[in-house]
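Heads up: the structure comes next, in structure tokens.
The values are calculated or read from the model by the stated rules, or taken from the named source; none is laboratory data. Please read these numbers as outputs of a predicted model, since none were measured by experiment. Here the Cβ positions follow ideal geometry from the backbone for every residue, glycine too, while neighbour counts run over all protein chains shown.
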Amino acid sequence: MKRPGLKIFVLVMLLGAAAGAGWLLFHQFQDKEKRDIQGDALRSSPVEVASIETGPIVLKRTFSGTLEPLADFVVAPKVSGRIEKLLVDIADTVTQGQVVGQLDNAEYVQAVTQAKADLVVAEANLAKAASDLGNADREFERTRKLLKRGIASDSEFDALKADRLAKEAQLQVARAQVTKAASSLETAKIRLGYTRIMASWSGGEGDRLVAERYYDEGQTVAANQPLLLIVELDPILGVVHVTEKDYAYLRPGQTVSLTTDAYGDSAFFGRIERIAPIFQKTTRQARVEMIIENPGHRLKPGMFMRAAVVLKKVRETTIVPEQALTTRDGRDGVFVVSKDGRSVIWRTVKVGIREAGRVQVEGEGVSGRVVILGQELLNNGSAITVPEEKHEIETGPEEEPLS
């Protein structure tokens, strides 16, 4: 007779063997799946990707250059002399027609006095010549009447006639001498006026500043020798030189944003005023002049400046990171990530505007995500692994603890 305990024992042993076999098969299947995933990972290339954008992009260039005064005027005396006074100094404001200096004028005052005296003498000579001519006229008329009556001889008449003509010539000479003396007086007065040195420039009615002083009081300056340099600073002129590559994009009236080392946190604005029609043979660059607003005269001539100009703007286009661009068979393109994220597709593109690490591209099928690191290992259709996505597959979501 069989005992019930033996049957239970055999049943338990069979159930345990079945459970062990199931546990072994489960782990073998799990290991195989893990090995398959690892095999796929070993056959694919790890890459980094970024999203493809759509939006506006601008072509901006920053040109280095120098600030110059919009206009400058050299003050120079028209006569030589010792500088008696300088009424302005460096950084002083000067208005149109202002007297800025005074030369020692003693010599020129004396010249005016001499010219006045010469004029008085000339006028006296003129009066005497006029009186002499009057006397000669009266004597001529008296002799002519006597000649008709047969009292005066022809020789007497001819002599008086010749004297009368001589007196007329002397009168003309005296008149010319008066004119000459008057002109000399006027010249002397003008030269005396030149001892007052004035700042008179053409064009522009605003105030200007003294930029440089070349002489001091007490020194002797020659005629037409530079004494002061006066400049206009608002607006101020920015000068840059551009290459052929950027020249075609520039035109008068374009807005300019300017920065300097002196005012690093401040931006100044202006416009392109003139573009040279020729390129320098030595540098192969063209001069571009910009008018910059300069309130408060903060910008100074001679400062180094950087001028940013928007050359071109596209309102809506496809944009990829510059790192995504690569070359295959001499053509530019990008590797676009497939929808399932496991492979890439090579897309040929036309490169456009580049701006701060972003590039405008044109081509079919450029959307979604693009490879930005690891392209050298890829071809069209290559399998890829994105590190972040791989980590999620291997670890899976965090399991909740058993309660």
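From the set of residues in the stretch 166-202 that are closer than 19 Å to Lys78 by Cα and of a type in the set (Lys, Arg), which is surrounded by the most Cβ atoms within 10 Å (Cβ to Cβ)? It comes out as Arg191. Confirm whether Val210 is touching an Asp or Glu at 6+ places or on another chain (Cβ under 6 Å), under 20 Å from Pro77 (Cα atoms) and among the aliphatic types (A, V, I, L, M). Yes: the conditions hold for Val210.
All of (1) of a type in the set (Asp, Glu); (2) in contact with a Lys or Arg (Cβ under 7 Å, 6 or more places away or on another chain); (3) farther than 22 Å from Ala276 by Cβ hold for Asp246 with one exception: (3). Here the stretch 351-380 is the region considered, the condition is being under 34 Å from the mean Cα position of the chain (by Cα) and charged (D, E, K, R), and the residue that is farthest from Leu311 (Cα to Cα) is Glu362.
Let's see how each residue does on (1) farther than 25 Å from Asp92 by Cα; (2) at pLDDT 95 or above; (3) exposed (fewer than 12 other Cβ atoms within 10 Å of the Cβ); (4) over 12 Å from the mean Cα position of the chain (by Cα):
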{"position": "Gly204", "(1), (2), (3), (4)": "no, no, no, yes"}
{"position": "Glu212", "(1), (2), (3), (4)": "no, no, no, yes"}
{"position": "Asp234", "(1), (2), (3), (4)": "no, no, no, yes"}
{"position": "Tyr249", "(1), (2), (3), (4)": "yes, no, no, yes"}
{"position": "Leu258", "(1), (2), (3), (4)": "yes, no, no, no"}
{"position": "Phe279", "(1), (2), (3), (4)": "yes, yes, no, yes"}
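The residue list Asp246, Asp234 contains one member that is in contact (Cβ under 8 Å) with a residue 12 or more places away in the chain, among the acidic types (Asp, Glu) and touching a helix residue (DSSP H, G or I) at 6+ places or on another chain (Cβ under 8 Å), which is Asp234. Among the residues of the stretch 56-81, the one identified as under 24 Å from Arg306 (Cα atoms) and touching a helix residue (DSSP H, G or I) at 6+ places or on another chain (Cβ under 6 Å) is Arg61.
Only one of Asp89, Asp72 is under 30 Å from Ile197 (Cβ atoms), of a type outside the set (A, V, I, L, M), outside the structural domain of Gly206 (by TED's automatic domain parsing) and not in a helix (DSSP H, G or I). Can you tell me which?
Values: Asp89 fails: outside the structural domain of Gly206 (by TED's automatic domain parsing).
Only one candidate passes the filter, namely Asp72.
Output the qualifying pairs, or none if there are none: Cβ atoms under 7 angstrom, residues six or more apart or on different chains, first residue in the stretch 67-96 and without any contact (Cβ under 8 Å) to a residue 24 or more places away in the chain, second residue assigned to a strand (DSSP E or B). Once the first residue is without any contact (Cβ under 8 Å) to a residue 24 or more places away in the chain and sits in the stretch 67-96, its partners that are assigned to a strand (DSSP E or B) give Leu87/Val99; Leu87/Val100; Leu87/Gly101.
Listed by first and then second residue, the pairs with beta-carbon distance under 6 Å, at least 6 apart or on different chains, first residue in the stretch 359-377 and farther than 18 Å from Glu48 by Cα, second not in a strand (DSSP E or B), are Val361/Val349; Gly363/Val349.
Table: residues versus (1) in contact with a helix residue (DSSP H, G or I) (Cβ under 6 Å, 6 or more places away or on another chain); (2) of a type in the set (A, V, I, L, M); (3) farther than 12 Å from Val242 by Cβ; (4) without any contact (Cβ under 8 Å) to a residue 40 or more places away in the chain.
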{"residue": "Tyr263", "(1), (2), (3), (4)": "no, no, yes, yes"}
{"residue": "Ala267", "(1), (2), (3), (4)": "no, yes, yes, yes"}
{"residue": "Arg298", "(1), (2), (3), (4)": "no, no, yes, yes"}
{"residue": "Ala307", "(1), (2), (3), (4)": "no, yes, no, no"}
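Only strands (runs of 3 or more DSSP E) whose full extent lies in the stretch 295-344 are considered here, and the ones with at least 1 residues that are surrounded by fewer than 14 Cβ atoms within 10 Å (Cβ to Cβ) and out of contact with any Gly (no Cβ under 9 Å at 6 or more places or on another chain) are 304-321, 331-337.
Criterion first (without any contact (Cβ under 8 Å) to a residue 40 or more places away in the chain and outside the structural domain of Phe269 (by TED's automatic domain parsing)) does Asp132 satisfy it? So Asp132 fits the description; yes.
Against the definition (surrounded by 15 or more Cβ atoms within 10 Å (Cβ to Cβ), among the polar types (S, T, N, Q) and assigned to a helix (DSSP H, G or I)), how does Asn125 come out, yes or no? If you could, list the steps in order and put the result at the bottom.
Numbers: surrounded by 15 or more Cβ atoms within 10 Å (Cβ to Cβ): yes; among the polar types (S, T, N, Q): yes; assigned to a helix (DSSP H, G or I): yes.
Considered against the rule, which asks whether it is surrounded by 15 or more Cβ atoms within 10 Å (Cβ to Cβ), among the polar types (S, T, N, Q) and assigned to a helix (DSSP H, G or I), Asn125 comes out as yes.
As a summary of the residue check, Arg287 satisfies the conditions (1) at positive phi; (2) part of a strand (DSSP E or B); (3) not polar (S, T, N, Q) except for the one numbered (1).
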